[in-house]
Amino acid sequence: MTADTDDYEKRRQQLEWLRSDAHIAHEAQRKSMSEHMAVVGTFSSAAMKAPGIAAAGAIAALLGFFSANYRAIAGTVGQSYFNEALILFGSSVLLTVLAPGLAYFSQLSFLWSVGKESLNWERPFVQETTASKRMFLVGTLFQVLAIIVVLGSIGLLVGGGWRFLLLAHFVSENPPR
């Protein structure tokens with residue numbers, strides 16, 4: 001009878017350890033989901049600030065420069081430089097508004113991916129599912145799109161800055177009448 005009792009106790013202890021390990025894995029999974037949700041908020045606010053401020057500041061500087069040099073610019077090639085710079089800076093602002101939305105959707109998809117994983121009481125305690133893999137792919141797609149949009153926004157800022165420099169050079173070569 002003691003052999004059966006010893007076997008029973010060993011099996012009970014192993015199941016208790018297994019249950020404890022599963023509980024730890026499940027808690028780690030919940031903590032991961034919580035941390036991802038915090039990242040969603042961080043992405044949406046931080047991604048919008050710097051490029052948006054740079055583009056808006058560039059538009060303000062361009063408009064100020066135009067108003068100070070209106071006589072030299074109006075009705076000349078300088079006006080096309082001004083228009084091109086304004087369009088490029090404005091487009092950059094639009095992309096900076098779009099980028100945080102894409103970043104938000106990417107993080108939300110990653111969070112949903114984690115939420116779709118299967119929690120088990122046997123090893124492996126946390127297992128990917130078809131739905132979690134699909135949501136991870138969607139999150140990756142949004143992440144790549146956000147990167148492309150941010151790089152495009154930076155490119156538009158550089159292009160607008162180049163047009164602004166051409167405008168400034170034009171004004172320096174052609175003073176007001």
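The values are calculated or read from the model by the stated rules, or taken from the named source; none is laboratory data. All of these numbers come straight from a predicted model, not from anything done at the bench. Here the Cβ positions follow ideal geometry from the backbone for every residue, glycine too, while neighbour counts run over all protein chains shown.
Of all the numbered requirements in (1) modelled with pLDDT under 85; (2) part of a helix (DSSP H, G or I); (3) not basic (Lys, Arg), Trp121 misses one, and that requirement is (2). Quick check: anything in the stretch 155-165 charged (D, E, K, R), more than 30 Å from Ala28 (Cα to Cα) and assigned to a helix (DSSP H, G or I)? Yes: the stretch 155-165 contains one or more residues that are charged (D, E, K, R), more than 30 Å from Ala28 (Cα to Cα) and assigned to a helix (DSSP H, G or I). Answer yes or no as to whether Tyr8 is modelled with pLDDT of 85 or more and surrounded by fewer than 16 Cβ atoms within 10 Å (Cβ to Cβ). Criteria not met by Tyr8. Being surrounded by fewer than 18 Cβ atoms within 10 Å (Cβ to Cβ), in contact with a helix residue (DSSP H, G or I) (Cβ under 6 Å, 6 or more places away or on another chain) and assigned to a helix (DSSP H, G or I) holds for only one residue in Leu141, Leu137, Leu145, and it is Leu145. Would you call Ala74 surrounded by 12 or more Cβ atoms within 10 Å (Cβ to Cβ) and modelled with pLDDT of 75 or more? Judged against the criteria, Ala74 is a match.
The residues of the stretch 62-105 that are touching a residue at least 60 places away in the same chain (Cβ under 8 Å) and under 14 Å from Val138 (Cα atoms), listed by number, are Ala103, Tyr104. When Phe170 is tested against (1) aromatic (Phe, Trp, Tyr); (2) touching a Gly at 6+ places or on another chain (Cβ under 6 Å); (3) buried (at least 20 other Cβ atoms within 10 Å of the Cβ), just one condition goes unmet, and that condition is (3). Given the structure, is Ser132 at pLDDT 85 or above and either in contact with a Ser or Thr (Cβ under 7 Å, 6 or more places away or on another chain) or over 27 Å from Ala50 (Cα atoms) (or both)? In short, no.
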